[in-house]
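The values are calculated or read from the model by the stated rules, or taken from the named source; none is laboratory data. Note that this is a predicted model, so its numbers are computed, not measured. Cβ placement follows ideal geometry from the backbone for every residue including glycine, while neighbour counts extend to all protein chains displayed.
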């Protein structure tokens, strides 16, 4: 299991409700987390509007279906997961309400996302410097694609915001809408910046160690106020 998959998997496993059996994941990516949960014995359904993502998840043995949210329905679930997908989904209020109504009693909405709006100049300075340090070791491939997708966004705060703000929900908006349908919402900060470099690390045998160190540094620096951490996690317990 790759580090970035383990990082999300461990979070979800901490909060899955007792007796959890049936799980829905909205937006499956490559399906790695769903595959791990399926191997654990959970009945997992994943949906995505992207056919390539669904095909990749099916290759891992996941029950993946081409569908859009909040239009999808297939009974009730013990948990509905949004793994770095909810910031894209419109309309936000209807998406969260539909997730809440699709839960069994005691079910949970579990969200892993990011607060792009929290980034400031000092954080971008740290992030850019960390990338350049890894690049200097020869363990990071800074291709034209990487330059465009990542480094260009870290040059200025304006560039970062312009690349993220268009039609994306903020973490604050996600949290506010979850509160509207829930009797309790647990909120956690988490590392996230490491995800931007995960695909560019060349040294396979050192990859997970590099990503883990990057994530740990973000958590430590965010805790003492040196930077603003990017990751946000929510566990919502909808009102019965």
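Residues that are touching a residue at least 40 places away in the same chain (Cβ under 8 Å), more than 16 Å from residue 6 (Cβ to Cβ) and not in a helix (DSSP H, G or I) within the stretch 195-228 comprise 197, 202, 203, 226, 227, 228, listed in sequence order. Taken over the stretch 121-143, residues that are part of a helix (DSSP H, G or I), more than 15 Å from residue 226 (Cβ to Cβ) and free of Cβ contacts under 8 Å to residues at least 12 places away in the same chain amount to 4.
Residues of the stretch 10-19 that are buried (at least 18 other Cβ atoms within 10 Å of the Cβ) and over 16 Å from residue 99 (Cα atoms): 11, 12. Taking the stated definitions as given, is residue 22 over 24 Å from residue 114 (Cβ atoms), surrounded by 15 or more Cβ atoms within 10 Å (Cβ to Cβ), more than 15 Å from the chain's Cα centre (by Cα) and without any contact (Cβ under 8 Å) to a residue 24 or more places away in the chain? Taking the combined requirement at face value, the residue does not satisfy it. On the stretch given as the stretch 152-181, residues that are buried (at least 18 other Cβ atoms within 10 Å of the Cβ) and farther than 19 Å from residue 85 by Cβ total 3. Among the residues of the stretch 170-194, those identified as touching a strand residue (DSSP E or B) at 6+ places or on another chain (Cβ under 7 Å) and not in a helix (DSSP H, G or I) are 182, 183, 184, 185, 186, 187, 188, 189, 190, 191, 192.
Among the residues of the stretch 1-53, the ones that are in contact with a strand residue (DSSP E or B) (Cβ under 8 Å, 6 or more places away or on another chain), within 17 Å of residue 194 (Cβ to Cβ) and outside any helix (DSSP H, G or I) come to 1 in all. Go through the stretch 105-119 residue by residue and tally those that are modelled with pLDDT of 95 or more and surrounded by fewer than 19 Cβ atoms within 10 Å (Cβ to Cβ). The qualifying residues number 0. Considering only residues that are more than 14 Å from residue 200 (Cβ to Cβ), part of a helix (DSSP H, G or I) and under 21 Å from the mean Cα position of the chain (by Cα), which ones fall in the stretch 154-169? If the condition is that a residue be more than 14 Å from residue 200 (Cβ to Cβ), part of a helix (DSSP H, G or I) and under 21 Å from the mean Cα position of the chain (by Cα), then 160, 161, 162, 163, 164 are the ones that fit. When restricted to residues that are assigned to a helix (DSSP H, G or I) and either in contact with a strand residue (DSSP E or B) (Cβ under 9 Å, 6 or more places away or on another chain) or under 10 Å from residue 29 (Cα atoms) (or both), the stretch 54-70 contains 5.
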